[in-house]
Amino acid sequence: MLAYFAATILLGALIAPLLYWAAQALAARGIFPALASFEFDSFFHRALIFSALALLWPFLRWLKVKGRRDLGLAPNEHWLRDLAIGFLLSAGPVLLCEIFLVQRGVYSMKPSPPWADAFLIVPTALVVPLIEEPLFRGLFLGVLLRGLRMWPASLLSAAIFSIVHFLKSPDETVSVVHWYSGFVSLSHSFVQFRQPMLVLAGFTTLFVIGVVLAHARLQTKSLWAPIGLHAGWILASMFFGKIARREVTALPWLGNSLLIGLVPLAVCLLSWVLLRTWLKYADARDA
């Protein structure tokens, strides 16, 4: 797995400039002109995902994984139910939290919300879980379960999930793109560690999210509930970020995003409690 991560980062850093130049060339010819507005760092993030998917097949062959059963996955006849329930159990608490924050004056609604930009979040909320859940909860957790017990594997996979999400540099860190710009963008991702407490707070929330997603995957032996949970968190938080603006920072309760602070952590834990309650009910009803 360490070799896979290293190869993914190396390949992503190398192909990121190629993706950027290709996008600029298409935009210059009037093909997808919106691509010209994206900064290089956006292409670097997409390059990492592309690299992870491109190296997935040789990684599976290396591990001699021939099917989902080798990763502890099974067919799920209730996949649509689990997908919908997962979405509701994550998006619902986040939505209630956002209403509370607006009422308390921590956030305020923008006078003229960019609704068009906000609704562009929907494809992201659909695509990202379909990529990340098979990778983190399907592959990585499945591989870890071949050598570890359930809880150590779940905690380690959650840590990997959280760490990978910190491989993100601040926007607009690369002004002129060279062949080595991917490595420059990667180095800039470590700038955020100048504020260790904020990093720790963000890591903790992402870690808890990873544990909840792992629990959903293990209890259902399927990825549909984690996909629903993941989509609900993305849609509810990112959509709100487009139509509302933060007025105050209230550490330790809430930081500069809905991932930092005790309030987001409590919301994640509430989703976990609701998930455990639902799974017990579903198991009793299906028995």
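The values are calculated or read from the model by the stated rules, or taken from the named source; none is laboratory data. Computed from a prediction, not measured in an experiment: that's the story for all the values here. As a convention, Cβ positions derive from the backbone with ideal geometry for all residues, glycine included, and neighbour counts pool all protein chains shown. The accessibility values were calculated without ligands, DNA or RNA, using every heavy atom of the protein model including side chains. Shrake-Rupley method; radii C 1.70, N 1.55, O 1.52, S 1.80 Å.
Suppose every Lys and Arg Cβ carries +1 and every Asp and Glu Cβ carries -1, with no other charges. What dipole size does the chain come out with about its Cα centre, to the nearest 20 debye?
Numbers: 23 positive and 14 negative charges, 135 e Å.
My answer is approximately 640 debye.
Of the heavy-atom accessible surface of the chain (probe 1.4 angstrom), what whole percent is carbon and sulfur? Mind showing how you got there, number by number?
Working: 10840 of 15600 Å².
That fraction is 70 percent.
Sorted by packing (mean other beta-carbon atoms within 10 Å per residue), highest first, where do 244-253, 272-281, 25-34 land? Present the calculation step by step, with values, prior to reporting the outcome.
On the way: 244-253: 13.5, 272-281: 15.1, 25-34: 10.7.
For the peptides 244-253, 272-281, 25-34, the packing ranking is 272-281, 244-253, 25-34.
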* **Whole-number accessible area per residue in Å² for segment 1-91, which is evaluated in the context of all protein chains at 1.4 Å** => 61
* To do: Under a 10 Å cutoff between Cα atoms, tell me which one of ALA216, ALA231, ALA116 has the largest fluctuation in the Gaussian network model of the chain.
  => ALA116
* Column: log10 I(q)/I(0), Debye, Cα scatterers of the chain, q = 0.08, 0.10, 0.13, 0.15 Å⁻¹ -> -0.37, -0.59, -1.02, -1.32
* May I ask for the distance between the Cα centers of segment 5-82 and segment 239-287, given as a whole number of Å? => 27
* **Computed Rg/Rh of segment 25-90, alpha carbon atoms with Kirkwood Rh** => 1.18
* Asked: Quick one: Karplus J couplings for segment 119-127, per residue in order, coefficients 6.51, -1.76, 1.60, θ = phi - 60°, nearest Hz, x for Gly and Pro?
  -> 6, 5, 5, 4, x, 4, 5, 8, 7
* Built amide H within the under 5 Å cut-off of ALA244, gap 5+ -> LYS110
* Asked: Taking one equal scatterer on every alpha-carbon of segment 1-142, how large is log10 of I(q)/I(0) by Debye at q = 0.09, 0.16, 0.19, 0.20 1/Å?
  -> -0.46, -1.11, -1.19, -1.21
* Asked: Reachable lysines from LYS242, Cα under 30 Å, same-chain residues fewer than 8 places away excluded?
  -> LYS110, LYS168
* Structure fact -> Applied in sequence order to segment 101-108, the curve 6.51 cos²θ - 1.76 cosθ + 1.60 (Karplus, θ = phi - 60°) yields integer Hz couplings, x standing for Gly and Pro, of 5, 5, 5, 7, x, 6, 10, 9
* For n ≥ 4 DSSP H runs only, could you compute -39500 (n - 2.57) per run for the chain, divide by its residues and tell me the 222 nm figure to the nearest 500? => -22000 deg cm²/dmol
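Determine the dipole magnitude for segment 17-69: charges of +1 sit on the beta-carbon of Lys and Arg, -1 on that of Asp and Glu, nothing else is charged, the reference point is the Cα centre, and the result goes in debye to the nearest 20. Please list the in-between numbers first.
Numbers: 7 positive and 2 negative charges, 130 e Å.
Rounded to the nearest 20 debye, it is 620 debye.
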